[in-house]
């Protein structure tokens, strides 16, 4: 991930997915998203059909970036947890390993205390998977060749 | 930083439109939003003031089709151009894969163009990028203004320090908008193929 691109393979994707599903059930949340700090959606679980997931990922990243900027201004490293309370739904955002953002949306069926508790456990699991993503990236030359094998002719096909 | 997802077979890249205030960055995205097939683009989000000046960013996700079985998606962002929003600009540059520098062709805005370009270089360095290597395309916007417009050669001499692709544009009517977008997408994918920065 510290290279030019972040490659997520099927194995780690499935592992992320099972952590999110477990978190969804344990925290009685409506929906759970995992987003990278640049605003790309990595994985999600729950009632995602009701949400514009791409916009949500981008705004969550913007939200974390802006509060991170605020934190720096007051001499903090970052605000690792954000909580937004709505009339019906609430949103809990937390930073995982300074790289990913875990977003939990929940209503009155759950509580911020329960979400916070379950998020802490899930974050540990996500951090472990992230480590494996890094190890996979180091173990292979460069992204299994798909990117490296791209030709200019392939790229041209996008514009035909 | 591009994101390649083998599970959903997607390549995601981030492109940022940079430039001085009122040069037409948001207008570029609005035109792309208006003209692209709704199936190929998502919603456009504008975090703007009540007077429609960009406060934090505009965001538009677009899909450009498949390459070798991978869907290509590009997240287009604009920065707020006004000088005092520098902290926000720095945040938006994080993880960028390519930059469109949108310049205002009006002679009265030449200082603002130069200042914004210098600001881009500083902010890229602060984010750990080499400003001489990040994929970059220049767009000279507002070519339809009748009087007091710099020539392309003047703009080139003033701004195109890397001799990168440059396009004349009238973002309000769409002239040059998709040409610019295509050029930066090509550069980003070629850069990705080379293994990033």
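So is residue A:65 within 14 Å of chain B (Cβ to nearest Cβ) and either touching a helix residue (DSSP H, G or I) at 6+ places or on another chain (Cβ under 8 Å) or outside any helix (DSSP H, G or I) (or both) or not?
Judged against the criteria, residue A:65 is a match.
Out of A:5, A:9, which single residue is over 23 Å from residue A:89 (Cα atoms), over 14 Å from the mean Cα position of the chain (by Cα) and surrounded by 20 or more Cβ atoms within 10 Å (Cβ to Cβ)?
None of the other options fit; the residue is A:5.
Being at pLDDT below 95, within 17 Å of residue A:42 (Cα to Cα), surrounded by fewer than 21 Cβ atoms within 10 Å (Cβ to Cβ) and more than 7 Å from chain A (Cβ to nearest Cβ) is the requirement here; does residue B:9 meet it?
On the way: at pLDDT below 95: yes; within 17 Å of residue A:42 (Cα to Cα): yes; surrounded by fewer than 21 Cβ atoms within 10 Å (Cβ to Cβ): yes; more than 7 Å from chain A (Cβ to nearest Cβ): yes.
Yes: the conditions hold for residue B:9.
Considering region B:45-65 alone, what residues qualify as being more than 8 Å from chain A (Cβ to nearest Cβ) and in contact with a strand residue (DSSP E or B) (Cβ under 7 Å, 6 or more places away or on another chain)? Don't jump to the end; show me each part of the working.
Within region B:45-65, the first condition is being more than 8 Å from chain A (Cβ to nearest Cβ), and the residues that meet it are B:46, B:48-55, B:58, B:60, B:62-63.
B:46, B:48, B:49, B:54, B:55, B:58, B:60, B:62, B:63 - these are the residues of region B:45-65 that are more than 8 Å from chain A (Cβ to nearest Cβ) and in contact with a strand residue (DSSP E or B) (Cβ under 7 Å, 6 or more places away or on another chain).
Quick test of your reading of the structure: residue B:110 fulfils all but one of (1) in contact with a strand residue (DSSP E or B) (Cβ under 9 Å, 6 or more places away or on another chain); (2) under 20 Å from residue A:41 (Cβ atoms). Name the failing condition by number.
The failed condition is (2).
The values are calculated or read from the model by the stated rules, or taken from the named source; none is laboratory data. Quick caveat, the model's predicted, so the values are computed rather than measured. Using ideal geometry, Cβ is built from the backbone for each residue, glycine included, and neighbour counts are taken over all protein chains shown.
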